[in-house]
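A.B. asks: What follows is a single structure, and I will ask about it in a moment.
What follows is calculated from the coordinates using simple rules that are stated; it is not laboratory data. The structure displayed is predicted, hence computed values, not measured ones. All Cβ positions, glycine included, derive from the backbone under ideal geometry; neighbour counts span all protein chains shown.
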Amino acid sequence: MAETLLGPAEIRDLAARLGVAPTKKLGQNFLHDPNTIRRIVAAAALRPGDVALEVGPGLGSLTLGLVGAVRHVHAVEIDPTLAEALPETVTAPHLTVHRADALRITGDRFDPAPTMLVANLPYNVAVPVVLHLLAELPSLRGGLVMVQKEVADRLTAGPGSKVYGVPSVKLAWYAEAKPAGKVPPAVFWPVPNVDSGLVAFTLRQPPAGATRADVFAVVDAAFAQRRKTLRAALAGWAGGPGRAEAVLRAAGISPQARGEALTVGEFAAIAAAAKQAAP
Ligand code: SAM
């Protein structure tokens, strides 16, 4: 990483020069700690041939770390002032800045195709951004994202955990996710009132037998009433509790189980059994 990374003084000067007043609405908490940048880049385990996709480059703290580590960096920034200023801070020829909303961007915007998602995400939209990009970009092989610690716990939780839920199962459809450390509030400006957590993930083959949309419909139904048994929680989705019970039995899952106990493979088995049972 040969580039000079941004410390507190540089971040303050840059923000003052650009007239940037960070907004909560866009989750603007900028990293001003070179050690944290080095830690994120190391945890991402990037290869020199990788193409990184960074969502929300902000003032360029992480972007500067990424351009030294990969073949190409795509940076998607919604704030026009920050998007316009980024090439002045990060002068690398292998950086493409996209002034766009990461929640709406389509995969065909990126050439070369991204292989790694590496981002300090805007916390209010972190989960939808990750799920949207995983759906849009089959070229990804993995990623490392920083999110609110609570969200990191949810994204990496397994069946049986109190915080296992829709984000955990949907991310598990695409990838194997692991916690990769905690980050304290002091490394950001402005200082947020929450801890942050790193999540590393590696793409894998999704479970066979059912489409993503069909599986996600079962997951949404099961967790909409997470305290109920699957027989009850899936009644609306299946067309009645009797039909839900029949589908669950066909999938080899107890109708008395709760969604929070099932793996993504088991949710896929339910979706597959429902398809088989469809008239
Ligand atoms: N990467 C920088 C850093 O670590 O210092 C900034 C991270 S800050 C937590 C989140 C960034 O995401 C901000 O620059 C914000 O403007 C941008 N952002 C917020 N919502 C966005 C969206 N929907 N699409 C793209 N960028 C977004």
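A.B. asks: Counting only residues 5 or more places away or on other chains, whose amide H sits under 5 Å from the amide H of THR96 once H atoms are built in the peptide plane?
C.D. replies: So THR96 has HN proximity to VAL73, HIS74, ALA75.
A.B. asks: Tell me, ARG258, ARG231, ARG47, ARG12 in order of fewest to most beta-carbon neighbours within 10 Å?
C.D. replies: The fewest-first ordering by Cβ neighbours comes to ARG47, ARG12, ARG258, ARG231.
A.B. asks: Across segment 15-26, in residue order, what do the Karplus-derived ³J(HN,Hα) couplings come to in whole Hz, using 6.51 cos²θ - 1.76 cosθ + 1.60 with θ = phi - 60° and x for Gly and Pro?
C.D. replies: Taking θ as phi minus 60°, the curve returns 4, 5, 4, 8, x, 8, 10, x, 10, 5, 4, 9 Hz for segment 15-26.
A.B. asks: Rank the residues GLU77, GLU84 as a footprinting-exposure proxy: fewest other Cβ atoms within 10 Å of their Cβ go first.
C.D. replies: Details: GLU77 25, GLU84 13.
So the residues, fewest neighbours to most, are GLU84, GLU77.
A.B. asks: I've got another one for you. Rg(Cα) of segment 18-94 divided by 2.2 N^0.38 Å?
C.D. replies: Numbers: Rg = 12.4 Å, N = 77, 2.2 N^0.38 = 11.5 Å.
Taking N as the residue count of segment 18-94, the ratio is 1.08.
A.B. asks: With the Cα gyration tensor of the chain giving a ≥ b ≥ c as the square roots of its eigenvalues, does the rule (a/c under 1.5 for rounded; else a/b larger than b/c for prolate; else oblate) give rounded, prolate or oblate? Each step should come with its number before you reach the end.
C.D. replies: Details: a/c = 2.58, a/b = 2.13, b/c = 1.21.
Here the chain falls in the prolate category.
A.B. asks: Let me check against my output: what whole-number percent is the relative contact order of the chain, with C-alpha pairs under 8 Å and at least 6 apart?
C.D. replies: Here the relative contact order equals 15 percent.
A.B. asks: If one takes the longest principal axis of the Cα atoms in the chain, at what angle in degrees, from 0 to 90 and to the nearest 10, does the Cα axis of helix 212-224 lie?
C.D. replies: 80 degrees
A.B. asks: Taking H placed 1.01 Å from N in the peptide plane, check which residues at least 5 places from PHE30 or on another chain put their amide H under 5 Å from its amide H.
C.D. replies: TRP189
A.B. asks: Semi-axes of segment 124-210's equivalent ellipsoid from the Cα gyration tensor, sqrt of 5 times each eigenvalue, largest first, rounded to whole Å?
C.D. replies: Calculated on Cα positions only, the semi-axes equal 24, 15, 11 Å.
A.B. asks: Do any trypsin sites (Lys or Arg not before Pro) in segment 71-134 lie in a DSSP loop with no more than 12 other beta carbon atoms within 10 Å, and if so, which?
C.D. replies: Values: sites: ARG71, ARG99, ARG104, ARG109; in loops: ARG71, ARG104.
When the trypsin sites (Lys or Arg not before Pro) of segment 71-134 are filtered for loop state and at most 12 Cβ neighbours within 10 Å, ARG104 remain.
A.B. asks: Evaluate the relative contact order of segment 212-277 (contact order divided by residue number), counting alpha-carbon pairs under 8 angstrom at least 6 apart; express in whole percent.
C.D. replies: Working: 81 pairs, mean separation 22.8, N = 66.
The value is 35 percent.
A.B. asks: Check SER196: other-chain or 5+ apart residues with amide H under 5 Å from its amide H, H built from backbone geometry?
C.D. replies: LYS149, VAL183
A.B. asks: List, in the order given, every pair from LYS182/LYS275; LYS25/LYS182; LYS25/LYS275; LYS182/LYS228; LYS149/LYS275 whose Cα-Cα distance in the structure shown is over 31 Å.
C.D. replies: Result: LYS182/LYS275; LYS25/LYS275; LYS182/LYS228; LYS149/LYS275 exceed 31 Å.
A.B. asks: Sticking with this structure for a sec: At a Förster radius of 30 Å, what calculated FRET efficiency corresponds to the Cβ-Cβ distance of ALA224 and ALA9, to the nearest 0.05?
C.D. replies: 0.05
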